[in-house]
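Since the structure comes first, as structure tokens, the remarks are kept for the end.
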Amino acid sequence: MSSDIVITSDVAALAEDMANRLVVMAQEAIAARGRMSLCLSGGSTPKTLYALLAGDAFRNRFDWSRIHVFWGDERSVPPDHADSNYRMAHEALLSRVPIPAANVHRMEAEKADLAAAAAAYEATLRAFFGGLPDFDVMLLGMGPDGHTASLFPQTEALRETTRWVVPNRVDKMNTWRMTMTYPVINHSRWICFLVAGKDKADVLKEVLESADRTQFPSQGVKPDNGRMLWLVEQAAATRLTLARA
Ligand code: 6PG
């Protein structure tokens, strides 16, 4: 499994690089399958990308009627909560582009019965993909502890090999999350990590260069047949020794 690692000068350049790649990825997906399935990441790094996609430079380079968005994970909060990944994407992107409401597939992680909500999301995926999802693009971030999506170290979801979407108890944050699992993430056609911030430099070196490939959840992301790209802002790349694309 090969991964391209691209270092960018800052988050704006990272967003610009990913936005240009998404234009091509969308064109290819729509030409091949009549639609693009894009799985969004939460957190703060992708916000710059989402705002750029909604801006004048990119908005009209996508056929939004053919693009379907999903989430790789969600916090157990209502969609209008400040911590909601849906809210961040809605404000930065989805409210600013002509994407049909039916193309926006929100994780209902605010539900009291999170297991039922996760099962319902899995049913949404099954109805859309007809089987194990093969997202055209899976956007991921990475935390300073090496987590990705809501696959945090020492949590149950890391061991899930059957279900596609699960509730996940994150004790260190005293919270529940809903997250996609490795079987779905790894079956994507493109997996794109977007990593920014000097607080990621140490863990990124371990994730990408350590001989022990089992230390961090982000290391469990290994495309079955697809391709993987790491877009890394310079501040997060300072400890890397690998040759870069
Ligand atoms: C979330 C994300 C999470 C995020 C990382 C990195 O729900 O928070 O899915 O996995 O991508 O924590 O977040 P930043 O981009 O804010 O550093």
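The values are calculated or read from the model by the stated rules, or taken from the named source; none is laboratory data. What you are looking at is a predicted structure, and each value in this text was computed from that prediction instead of being measured. Don't worry about glycine lacking a Cβ; one is built from the backbone with ideal geometry, like all the others, and counts go over all protein chains shown. Just so you know, the surface numbers come from the protein's heavy atoms only, side chains and all, with ligands and any DNA or RNA stripped out. Shrake-Rupley method; radii C 1.70, N 1.55, O 1.52, S 1.80 Å.
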Show me, for segment 16-25, the HN-Hα J-couplings you get by feeding each phi into the Karplus relation (A = 6.51, B = -1.76, C = 1.60, θ = phi - 60°), rounded to Hz, glycine and proline as x.
5, 4, 5, 4, 5, 5, 5, 4, 5, 4
Run the dipole for the chain about the Cα centre, Lys and Arg Cβ at +1, Asp and Glu Cβ at -1, nothing else charged, and hand back the magnitude in debye, nearest 20.
340
Hypothetical label at ALA112: residues of segment 155-174 whose amide nitrogen lies under 11 Å (7 Å Cα-Cβ projection)
none
From the phi of every residue in segment 172-188, what ³J(HN,Hα) in whole Hz does the Karplus formula 6.51 cos²θ - 1.76 cosθ + 1.60 yield, where θ is phi - 60° and glycine or proline is x?
5, 10, 6, 8, 9, 10, 10, 9, 6, 10, 4, x, 6, 3, 6, 8, 6
Contact order relative to length of the chain, as percent, for alpha carbon pairs under 8 angstrom and 6 or more apart
24
Using the Cα atoms as the points, what is the convex hull volume per residue of segment 122-165 in Å³?
80
For segment 1-153, what percent of Cα pairs sit more than 18 Å apart?
60
Just to be sure I understand the model, the point goes 7 Å from the Cα along the line to the Cβ. What's the resulting ASP202 to SER65 distance in nm?
5.2
Rounded to whole angstrom, the alpha-carbon centroid of segment 169-201 lies from that of segment 1-53 at a distance of 16
Once you put a point 7 Å from the Cα of ASN225 and another 7 Å from the Cα of GLU209, both along the Cβ direction, what distance in nm separates them?
3.5
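Beta carbons within 10 angstrom, averaged per residue: use that to sort the peptides 200-208, 126-134, highest first. Present the calculation step by step, with values, prior to reporting the outcome.
On the way: 200-208: 19.9, 126-134: 13.3.
Answer by packing, highest mean first, reads 200-208, 126-134.
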What ranking, highest mean first, results for peptides 151-163, 28-40 when packing means the other Cβ atoms within 10 Å averaged over each residue?
28-40, 151-163
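Counting only protein heavy atoms and a 1.4 Å probe, tell me what percentage of the chain's accessible area is made up of carbon and sulfur. If you can, show how the numbers build up before the last one.
Values: 5220 of 10570 Å².
Here it works out to 49 percent.
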Isotropic mean projected area of the C-alpha convex hull, segment 122-231 (nm²):
7.0
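Once the piece of chain linking ARG126 and ASP171 is laid out straight, how much longer is it, given 0.36 nm per residue of separation minus the C-alpha distance between them?
Values: separation 45, 0.36 × 45 = 16.20 nm, distance 2.98 nm.
Answer, rounded to one decimal: 13.2 nm.
Ignoring everything except DSSP H segments at least 4 long, calculate the 222 nm mean residue ellipticity for the chain; use -39,500 (n - 2.57) per segment, divide by total residues, nearest 500.
Details: 6 runs with 70 residues, N = 245.
One gets -9000 deg cm²/dmol as the mean residue ellipticity at 222 nm.
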Note down the relative contact order for segment 57-162 as a percent, whole number, built from C-alpha pairs under 8 angstrom at least six residues apart.
23
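Considering only protein heavy atoms, what per residue accessible area in square angstrom results for the chain with a 1.4 angstrom probe?
Working: 10570 Å² over 245 residues.
That works out to 43 Å² for each residue.
Calculate, for GLN154 and HIS105, the FRET efficiency according to 1/(1 + (r/R0)^6) with r their C-beta to C-beta distance and R0 45 Å; round to the nearest 0.05. Walk me through the numbers on the way to the answer.
Working: r = 29 Å, r/R0 = 0.65.
About 0.95, to the nearest 0.05.
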Note the direction-averaged projected area, equal to a quarter of the hull surface, for the Cα convex hull of segment 70-141, in nm².
5.3
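Applying a 10 Å radius around every beta-carbon, put 5-11, 96-102, 138-144, 110-116 in order of their mean neighbour count, most first.
On the way: 5-11: 16.7, 96-102: 12.1, 138-144: 24.1, 110-116: 13.9.
Descending mean neighbour count gives 138-144, 5-11, 110-116, 96-102.
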Let me check against my output: what whole-number percent is the relative contact order of segment 114-226, with C-alpha pairs under 8 Å and at least 6 apart?
30
Provide the descending list of Cα extents for segment 38-80 along its principal axes, expressed in whole angstroms.
33, 21, 17
Could you give the size of the charge dipole of segment 33-126 about its Cα centre, using +1 on the Cβ of each K and R and -1 on the Cβ of each D and E, expressed in debye and rounded to the nearest 20?
460
How far apart, in nm, are two points set 7 Å out from the Cα along the Cα-to-Cβ line at SER95 and at ASP80?
1.1
Quick check: with the 1.4 Å probe, what order do TRP190, TRP176, TRP230 take by accessible area, largest first?
TRP176, TRP190, TRP230
What ³J(HN,Hα) values, in whole Hz, does the Karplus curve 6.51 cos²θ - 1.76 cosθ + 1.60 give for segment 208-224 when θ = phi - 60°, with x put for Gly and Pro?
8, 10, 6, 5, 7, 8, 10, 7, 10, x, 4, 6, x, 7, 9, x, 4
